1. From the set of residues in segment A:48-64 that are touching a helix residue (DSSP H, G or I) at 6+ places or on another chain (Cβ under 7 Å) and under 18 Å from residue A:9 (Cβ atoms), which is nearest to the other protein chains (Cβ to nearest Cβ)?
2. Looking only at segment B:9-66, count how many residues are more than 22 Å from residue B:180 (Cβ to Cβ) and under 20 Å from the mean Cα position of the chain (by Cα).
3. Can you list the helices (runs of 4 or more DSSP H) lying wholly within segment B:9-107 that have 2 or more residues being in contact with a helix residue (DSSP H, G or I) (Cβ under 8 Å, 6 or more places away or on another chain) and closer than 30 Å to residue B:131 by Cα?
4. Considering only segment A:15-24, state which residues are under 13 Å from the mean Cα position of the chain (by Cα), surrounded by 16 or more Cβ atoms within 10 Å (Cβ to Cβ) and more than 12 Å from every other protein chain (Cβ to nearest Cβ).
5. Pull up segment B:208-222, narrow it to residues that are closer than 16 Å to residue B:128 by Cβ and touching a residue at least 40 places away in the same chain (Cβ under 8 Å), then point me to the one that is nearest to the other protein chains (Cβ to nearest Cβ).
6. Looking at segment A:31-41 only, could you name the residues that are crowded, with 16+ Cβ neighbours inside 10 Å and either more than 14 Å from chain B (Cβ to nearest Cβ) or in a helix (DSSP H, G or I) (or both)?
7. Can you name every residue in segment B:109-153 that is without any contact (Cβ under 8 Å) to a residue 12 or more places away in the chain and within 30 Å of residue B:48 (Cβ to Cβ)?
């Protein structure tokens, strides 16, 4: 299971690939909207992280993501031994 | 994102699609005639206007009126994109009639409430018509998909503003928002049903177009309605519409109705990106 720092790194790298620019100074408290990532961009990032981590986040939870922390919390919850779904 | 090479083009003479779209139009029209017709001069309780509602709510009503006022552009450009398909073109004609009532009802409200003068509203109309709305997408398929998201978003916003108007004790404005919302969701359903047909015909291409439209989606007033950013800020604050609401109430419900999963859409995005990289490398 990836640690928190590693998850943040995965998010940074994935976001950079999808949005095609770097995000060097992200913290967990950063709002997604401040990163200039639109709704579909965020869904693409989530989708890519799901594939990398072999998890699946529920659609209804994605609408609640406001900050990087919100996303990492969801990912961490799903990544734990009890949270993994058969993918 | 370029159209998939395997996309089936809209061509006149596509008998199966013509027949299906006509049946869909007949159902839509018949139901509208039976259940949904209303008269903006007779069926709105203008006597129940609350002339003391906050300015912010008047700005909301005026902004809706502005956006709806580009009807000549929506109709003329939109109907030509779907012209080859009788059922969808005739739907567009009926859509124009239904949408025309929205701006009329809002204009009447603004004038009869005394919150806007005739001079101010006609001056505003003149300013609005100095700019033309342009099609955001070039194909009938993409415009139909756009219609799904745009009509659903407009429905959601109207419903939220109806609640605000009720809270502010303006039964007239609440009624206008409710009737407008009822039309918008009916329009959304028609577009969604057409997209279901398109998905049956060319799922891969239609998925790519859904992803493309979602990525580049903007509401129709962006860039043309005067002071749009300031107006939208007020509307968002009044109606509490934000990214979360867009995903929860617009994007995911449309996907669910179309029986398209988020994962399928993402796969279409990836495939399209790979294809573009391959073409760029050649």
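The values are calculated or read from the model by the stated rules, or taken from the named source; none is laboratory data. Please read all numbers here as calculations on a predicted model, not as lab measurements. Cβ: placed from backbone, ideal geometry, glycine included. Neighbour counts: every protein chain shown.
1. Restricting to residues being touching a helix residue (DSSP H, G or I) at 6+ places or on another chain (Cβ under 7 Å) and under 18 Å from residue A:9 (Cβ atoms), the top hit is A:48.
2. To start, the set of residues in segment B:9-66 that are more than 22 Å from residue B:180 (Cβ to Cβ) comprises B:9-24, B:26, B:52.
Add one more test, that the residue is under 20 Å from the mean Cα position of the chain (by Cα), and what stays is B:21, B:24.
Of the residues in segment B:9-66, 2 are more than 22 Å from residue B:180 (Cβ to Cβ) and under 20 Å from the mean Cα position of the chain (by Cα).
3. Numbers: elements: B:15-35, B:55-68, B:71-81.
Once the helices (runs of 4 or more DSSP H) in segment B:9-107 are filtered for at least 2 residues that are in contact with a helix residue (DSSP H, G or I) (Cβ under 8 Å, 6 or more places away or on another chain) and closer than 30 Å to residue B:131 by Cα, what remains is B:55-68, B:71-81.
4. A:15 - this is the single residue of segment A:15-24 that is under 13 Å from the mean Cα position of the chain (by Cα), surrounded by 16 or more Cβ atoms within 10 Å (Cβ to Cβ) and more than 12 Å from every other protein chain (Cβ to nearest Cβ).
5. Filtering segment B:208-222 for residues closer than 16 Å to residue B:128 by Cβ gives B:219-222.
The next check asks that each one be touching a residue at least 40 places away in the same chain (Cβ under 8 Å); those that pass are B:219-221.
On the way: B:219: 13, B:220: 17, B:221: 18 Å.
This residue is B:219.
6. Initial filter on segment A:31-41 (crowded, with 16+ Cβ neighbours inside 10 Å): A:32, A:35, A:37-41.
Within segment A:31-41, A:32, A:35, A:39, A:40, A:41 meet the criteria.
7. Listed by number, the residues that qualify are B:111, B:117, B:118, B:119, B:120, B:122, B:123.
Rundown of residues vs (1) surrounded by fewer than 22 Cβ atoms within 10 Å (Cβ to Cβ); (2) within 30 Å of residue B:106 (Cα to Cα); (3) at pLDDT 85 or above; (4) under 15 Å from the mean Cα position of the chain (by Cα), yes/no style:
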site: B:175; (1), (2), (3), (4): yes, yes, yes, no
site: B:178; (1), (2), (3), (4): yes, yes, yes, no
site: B:186; (1), (2), (3), (4): yes, yes, yes, yes
site: B:199; (1), (2), (3), (4): yes, no, yes, no
site: B:206; (1), (2), (3), (4): no, no, yes, no
site: B:213; (1), (2), (3), (4): no, yes, yes, yes
site: B:218; (1), (2), (3), (4): yes, yes, yes, yes
site: B:227; (1), (2), (3), (4): yes, yes, yes, no
site: B:234; (1), (2), (3), (4): yes, yes, no, no
